[in-house]
Amino acid sequence: MLAVLLLLGACVNVNPTPTQTASPAIPPTTPPTASQTAASTASVQPTSTADSSATPSGGTETPRPTIDPALAAQIEAVTAGVPAVRELDAVTDVPYEFISRDQFRDELLALVEEDVPVEVRAAEERLLKRLGLLAASAEMDALIRELYGSQVLAYYRPDNGRFYIIERGQPFGATDKIVVAHEYTHALQDQHFDLEANQITDPFEGDAALGQLAVIEGDATLTSQLWAIDNLTPEELFELLGEALSGLDQDVLEGIPLVLRRQLEFPYGEGMLFVNGLYEDGGFDAVNAAIEAPPASTEQILHPEKYSAHEEPVEVPMPDLELTLGAGWSRSYEQTFGELGIQILATGGEEPALNLPGLPVDWPHQEVAAGWSGDRLNMYENTDGRWALLWRTVWDTPADAAEFEARLGELVSTFTGASQVSTSPPSQGFPAEVDLHLADTQQTLDTFMGSFGTLLGASPSR
């Protein structure tokens, strides 16, 4: 749903520990040396401080200290072993750079704005507030900066083929090795599958983009865990477990709205579970196939059998109300929520009793979102400050639609403005449909519904 699906290749503090993967044992092996795998991998290279392209935003570089050779050797030892685990050889060198967390925070919104214009983010913020998913006083850009600025550990940029490690102010340890393995996996993905060329970039196709991102991040997360199991010592694995259980940055996470947290965590948690299922059934050949033909929705990530069965989301036709609404009106935002977005809304802000990284989670009211078949939301705004939206959802069965309609009825009190929920009998090949109309006032809603009915050639109640 969110336009900020961003930072393709970020590694964040929601990764499961190696003990939470499907592997039954953790052998006490030691990391391979670079020379042991030199035949199968190109090297990673510390970024030269004379290279201006090394900065995250591509601007003029602030001089960086030279990376200690011992640290560079540790990074090389990690990356040398990843290609054999991932079953993809490196075809070119992969530069990397350490940056401070403050530098990353300063660059974060610039990175986001490369993909999502400020006016789109502002419209999305207004939508989320109107649906009760953000507090009226919230500033989404500030929340994104706080959330990603604290949780992202590293990230890879397909546009320049390098990864950035955010300094943690600690000796290079097990977590850092996992991070390097994760980011180097993204480099291998990019070299073989051209991530930038194939990335969904339309900010109004958030559900499909999040489904695609879940495969990319799920793969990198699984690969880094498999690498850790083969290469970290028992002491290092215990260190990872300790960090996972210590609740890193929990104060920050608890202050972030669920809609933002959930979409940050989804590609890593559910994404790894999805990819692990592919890997167990068909190895990395199956994972490669999913990168080349990614899931079309978050529904296919949440229900892998729907991906295997090629159960595609339904394209939901939407009326264009700009002309019938009259002067001053324009469509300011559109989006597909998908099953994940509806699942987030359906929680009503409730949290699960137990939420451990890498394990399936039962979200409150998640059954309401199951049975999703497709949806589309259009939001219209007037130059005088009025606004209205139509959110049309279609469902697998009338029972699924009725369940969603009932939950919407329980949630409308948390929405801003006046609302009307309506259902339609089977039509246009859809088993069932539920529409939400929402506007700033009842008068605007009446006008909106009238325009809607006129365009369809039917009464507003249909």
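Per-residue extension of 0.36 nm, minus the Cα-Cα distance of GLU139 and GLU312, leaves a gain of 58.8 nm for this segment.
Distance distribution P(r), the stretch 84-178, all Cα-Cα pairs, bin width 10 angstrom from 0: 13, 35, 29, 18, 5 percent.
Consider a paramagnetic label point 7 Å from the Cα of ILE67 along Cα→Cβ; state which residues of the stretch 79-115 have an amide N under 17 Å from it. Residues 79-83, 90-101, 104 qualify, since their backbone N sits under 17 Å from the label point. Packing order of peptides 315-326, 210-221, 392-403, highest average first: 210-221, 392-403, 315-326 (average count of other Cβ atoms within 10 Å over each peptide's residues).
Ranked by the mean number of other Cβ atoms within 10 Å of their residues, highest first, the peptides 409-420, 265-276 come out as 265-276, 409-420. Based on alpha-carbon centroids, what's the gap between the stretch 223-237 and the stretch 332-406 in Å, whole number please? A separation of 38 Å, based on Cα centres.
Expressed as a fraction of 2.2 N^0.38 Å, the value expected for a compact globular protein of N residues, the C-alpha radius of gyration of the stretch 277-326 is 1.74.
Which loop GluC sites (Glu not before Pro) in the stretch 111-148, with loop taken from DSSP, have no more than 11 other Cβ atoms within 10 angstrom of their Cβ? Listed in order of number, the matching sites amount to none. Sort the stretch 322-456 into rounded, prolate or oblate with this rule: let a ≥ b ≥ c be the square roots of the eigenvalues of the Cα gyration tensor; rounded if a/c is under 1.5, and if a/c is not under 1.5, prolate when a/b is larger than b/c, oblate otherwise. Because a/c hits 1.5 or more and a/b exceeds b/c, the stretch 322-456 counts as prolate.
For the peptides 73-85, 372-384, what is the packing order when you average, over each peptide's residues, the other Cβ atoms within 10 Å and list the highest mean first? The partial results should precede the final answer.
On the way: 73-85: 21.1, 372-384: 19.5.
The packing order, highest mean first, is 73-85, 372-384.
Every read-out reported here was derived from the displayed coordinates using simple, explicitly stated rules and does not represent laboratory data. Computed from a prediction, not measured in an experiment: that's the story for all the values here. A quick note on method: Cβ atoms are made from the backbone with ideal geometry, for glycine too, and the neighbour counts reach across all protein chains shown.
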